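The values are calculated or read from the model by the stated rules, or taken from the named source; none is laboratory data. Given the structure is predicted, the values throughout are model-derived calculations rather than measurements. Neighbour counts run over all protein chains shown; Cβ positions are idealised from the backbone, glycine included. Ligands, DNA and RNA are excluded from the accessible area calculation, which covers all protein heavy atoms including side chains. Shrake-Rupley method; radii C 1.70, N 1.55, O 1.52, S 1.80 Å.
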Amino acid sequence: MSRTRVWLFGLTVASYVAIVVGVVTTSKLVTLDWQVMLWRPYKQWPQIHAFLDYFVVLGQRGPTAVMVLAWLGWRAWRHRTLHPLLVLGTSLLLLNITVGAVKYGLGRLGPHYATTVGSAEMFAGGDIFPSGHTANAVVTWGVLAYLATTPRARRWGSIASALLALGVGATTVYLGTHWVSDVLLGWAAGLLILLALPWFEPFMAKAEDWITGGWHRVRGRRTRRTAPGTALPAAPALPGRPSGGGEPDRETVGSTAQVTAPSGASAAPVGPSAVTAPAGVAASSAPSASVSSAAVSATSTAPGGGHTPSRPPTVRGERTPPGAVGSRRRPVDRQSARPVPPLSQASSAAHGPRPR
């Protein structure tokens, strides 16, 4: 807050109080109001009436706030700061509080609703003093000059906003919606808000830090929730399915595969439930066993631990999975399995006597 700004603020406050006192006491300022109103400016220059009907929109709070908010929002996104938006919000909040309180506190009627010639029309339930259009034009367009980053832009922005505010205030007098004193007080009210904005800069800085910190905390919580280390444990893999989630492992079908037997022993087919027994151990005689006792491990007969089947094994295709996914039921023995031939003397001699 520079010394020049402080002096301007003090002079504007004095002018504001003088205008209010002059209207309340029905001074010559009220006489000027009636003289201009009875002259009816809208009838003097009817050719510009249509243009001024649209021009006065530049003082309405809704359209002007949307236009200025779009520009300041782009600047805030570009510079990664909330300061322009906070300045606009603070200025509009101060405008609503100060101007609104005075409007409804004084209750002055407008020119179209005046009842007594020469009267100030105060405390009659109106809401016309000061002019909201004029004060809003001063504040909304003046914020652009306040936020200018270079002295040249600030100078030209101040001139443009002052011309817009003067034009909007004069237009309201021309249309007959406001007294002259309403416009004068509106200019003073808007200028007071612009001059007082530097005093609210520390509060806006704290608000920006609070909003930014809250946003970072929310983003941090979302990041921790989606972090890989905090993910739920994977379900255990079911039998018959790979743990990686890919295709089921291919397996050979034992209905056509043969196991190499030792020399002198005949090969026997192996069923789907066939198992491999170690060398020297006879198969169980249980009725559910479908493998011959002559079937031995391929690693015990083939050199190097491998085996050489008499014919290539049949590989089960991808379109014929071994069973339902997740099924734990044991496969049913095929009914068409051929009986296992008895052991020959050569095979019995090769394996040795059965253990008792």
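Observations
- Residues satisfying the stated conditions in region 177-223, i.e. at pLDDT 90 or above and not hydrophobic (A, V, I, L, M, F, W, C): Thr177, His178, Ser181, Asp182, Gly186, Gly190, Pro198, Glu201, Pro202, Lys206
- Remark: pairs (first residue in region 116-145, free of Cβ contacts under 8 Å to residues at least 24 places away in the same chain; second residue open to solvent by 10 Å² or more (accessible area, probe 1.4 Å) and among the hydrophobic types (A, V, I, L, M, F, W, C); Cβ separation under 7 Å; 6+ apart in sequence or on different chains) = Glu121/Leu109; Glu121/Ala114; Phe123/Leu106; Ala124/Leu109; Gly126/Leu109.
- A single member of Ile97, Ile19 is closer than 21 Å to His133 by Cβ, modelled with pLDDT of 90 or more and within 44 Å of the chain's Cα centre (by Cα), and it is Ile97.
- The criterion of at least 3 residues that are surrounded by 17 or more Cβ atoms within 10 Å (Cβ to Cβ) is met by the following helices (runs of 4 or more DSSP H) wholly inside region 21-90: 28-39, 61-79.
- The single condition from (1) surrounded by fewer than 11 Cβ atoms within 10 Å (Cβ to Cβ); (2) among the charged types (D, E, K, R); (3) in contact with a helix residue (DSSP H, G or I) (Cβ under 8 Å, 6 or more places away or on another chain) that Arg3 fails is (3).
- Only one of Leu69, Leu52 that is in contact (Cβ under 8 Å) with a residue 60 or more places away in the chain and touching a helix residue (DSSP H, G or I) at 6+ places or on another chain (Cβ under 9 Å): Leu52
- Taken as a whole, the condition of being farther than 24 Å from Val56 by Cα and open to solvent by less than 40 Å² (accessible area, probe 1.4 Å) does not apply to Ala137.
- Residue within region 64-81 that is within 17 Å of His178 (Cα to Cα), of a type outside the set (Asp, Glu) and modelled with pLDDT of 90 or more present: no
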